[in-house]
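**Q** I'd like to ask you about the structure that follows.
The values are calculated or read from the model by the stated rules, or taken from the named source; none is laboratory data. Because the structure is predicted, anything quoted here is derived from the model rather than measured. We place every Cβ from the backbone using ideal geometry, glycine too, and count neighbours over all the protein chains shown.
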């Protein structure tokens, strides 16, 4: 078992801020774990930042299992959390259980499900089976068609009620935490105060129990990022500089240099080998 468990995450509420970042492959997960993150999250956001989709609706269970397995191999300390993709749990509780099991068998320590109240039966069943669950309310990207796009949530009484109802339902069903995405900070504060489980914010202000961001946004790998994401590096420019320099040196014959390759020191011996090989091959 990894050092950070769902129980440990729950114990951090109100005592220590929880840190969470996405990772979708082995090298990224190695770095995230070494950096000391509490949760390494294999999010269905990979559909957009890894595969170039416009939304997360096309992400498959096969993709999630594939990426979860790679991340799980790298992480030794943090809790590995895997997203349940769109269509993997909406049809029935039984279907949700089957797909959650696949992610756990791929190496995840817990799964995340978008929504709260509507999926309380599934959450309760999974928890009873021994599968830890993190919920997700506010902006739920898998429902962006119904929501009218990616927009801030909690701007009216109906939305505040729905967000709080989701969080309370998740708490009651046994979820160990809940993501609050793109929620007005006042609403996120209200939810954080009203539930006993930790709240993990993304674009929801400072009054939550922890924060999560997407790997590519943190590192500045794309030109554009969501308005709530902070860019901590500009690796896009650095990568472009490096690969452009590589291309330039190849074109100019500067790479590889003598320090990058090996050759026969005894040229006479190589010439004999060369002539013998050419004779055998009738060249």
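**Q** List the helices (runs of 4 or more DSSP H) that sit entirely inside segment 185-283 and contain at least 3 residues that are farther than 27 Å from residue 114 by Cα and not assigned by TED's automatic domain parsing to the domain that holds residue 39.
**A** Details: elements: 185-194, 215-219, 235-251, 267-280.
It comes to 235-251, 267-280.
**Q** Now for a different question. Just checking, does segment 85-103 include any residue being assigned by TED's automatic domain parsing to the domain that holds residue 194 and under 13 Å from the mean Cα position of the chain (by Cα)? Step through it out loud before you land on a result.
**A** If we filter segment 85-103 for residues that are assigned by TED's automatic domain parsing to the domain that holds residue 194, which is where we start, we get 85-103.
Narrowing the set further to residues that are under 13 Å from the mean Cα position of the chain (by Cα) leaves 85.
So far as segment 85-103 goes, yes, one or more of its residues are assigned by TED's automatic domain parsing to the domain that holds residue 194 and under 13 Å from the mean Cα position of the chain (by Cα).
**Q** For residue 213, only one of the following conditions fails: (1) closer than 30 Å to residue 81 by Cα; (2) in contact with a helix residue (DSSP H, G or I) (Cβ under 8 Å, 6 or more places away or on another chain). What is its number?
**A** Of the numbered conditions (1) closer than 30 Å to residue 81 by Cα; (2) in contact with a helix residue (DSSP H, G or I) (Cβ under 8 Å, 6 or more places away or on another chain), the odd one out for residue 213 is (2).
**Q** Let me ask something else about it. Can you spot a residue in segment 159-167 that is at pLDDT 95 or above and either outside the structural domain of residue 11 (by TED's automatic domain parsing) or within 22 Å of residue 82 (Cβ to Cβ) (or both)? Steps first, answer last, please.
**A** Our first condition is that a residue be at pLDDT 95 or above; within segment 159-167, this holds for 159-167.
Right, trim to either outside the structural domain of residue 11 (by TED's automatic domain parsing) or within 22 Å of residue 82 (Cβ to Cβ) (or both) and you get 166-167.
Yes, segment 159-167 has at least one match.
**Q** Could you identify the single residue in 180, 170 that is touching a helix residue (DSSP H, G or I) at 6+ places or on another chain (Cβ under 8 Å), buried (at least 22 other Cβ atoms within 10 Å of the Cβ) and in a strand (DSSP E or B)? First the steps, then the outcome.
**A** Working: 170 fails: in a strand (DSSP E or B).
Matching residue, one of 180, 170: 180.
**Q** What are the residues in segment 29-41 that are surrounded by 17 or more Cβ atoms within 10 Å (Cβ to Cβ) and under 15 Å from residue 218 (Cα atoms), if any?
**A** Quick first cut of segment 29-41, residues surrounded by 17 or more Cβ atoms within 10 Å (Cβ to Cβ) only: 29-30, 32-33, 37-41.
Within segment 29-41, 29, 32, 37, 40, 41 meet the criteria.
**Q** Then there's this: Read through the list (1) free of Cβ contacts under 8 Å to residues at least 60 places away in the same chain; (2) crowded, with 24+ Cβ neighbours inside 10 Å; (3) closer than 30 Å to residue 193 by Cα, then give the number of the only condition that residue 20 fails.
**A** Unmet for residue 20, out of (1) free of Cβ contacts under 8 Å to residues at least 60 places away in the same chain; (2) crowded, with 24+ Cβ neighbours inside 10 Å; (3) closer than 30 Å to residue 193 by Cα: (1).
Residues are listed down the side, and each one gets a yes or a no for (1) buried (at least 16 other Cβ atoms within 10 Å of the Cβ); (2) in contact (Cβ under 8 Å) with a residue 24 or more places away in the chain:
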position: 12; (1), (2): yes, yes
position: 16; (1), (2): no, no
position: 27; (1), (2): no, yes
position: 43; (1), (2): yes, yes
position: 70; (1), (2): yes, yes
position: 74; (1), (2): yes, yes
position: 81; (1), (2): yes, yes
position: 91; (1), (2): no, no
position: 94; (1), (2): no, no
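**Q** Follow-up question, since we're still on this one. Is it true that residue 65 is in contact (Cβ under 8 Å) with a residue 12 or more places away in the chain, under 24 Å from residue 141 (Cα atoms), surrounded by fewer than 21 Cβ atoms within 10 Å (Cβ to Cβ) and out of contact with any strand residue (DSSP E or B) (no Cβ under 8 Å at 6 or more places or on another chain)? Write out each step before concluding.
**A** On the way: in contact (Cβ under 8 Å) with a residue 12 or more places away in the chain: yes; under 24 Å from residue 141 (Cα atoms): yes; surrounded by fewer than 21 Cβ atoms within 10 Å (Cβ to Cβ): yes; out of contact with any strand residue (DSSP E or B) (no Cβ under 8 Å at 6 or more places or on another chain): yes.
Spelling it out, residue 65 is indeed in contact (Cβ under 8 Å) with a residue 12 or more places away in the chain, under 24 Å from residue 141 (Cα atoms), surrounded by fewer than 21 Cβ atoms within 10 Å (Cβ to Cβ) and out of contact with any strand residue (DSSP E or B) (no Cβ under 8 Å at 6 or more places or on another chain).
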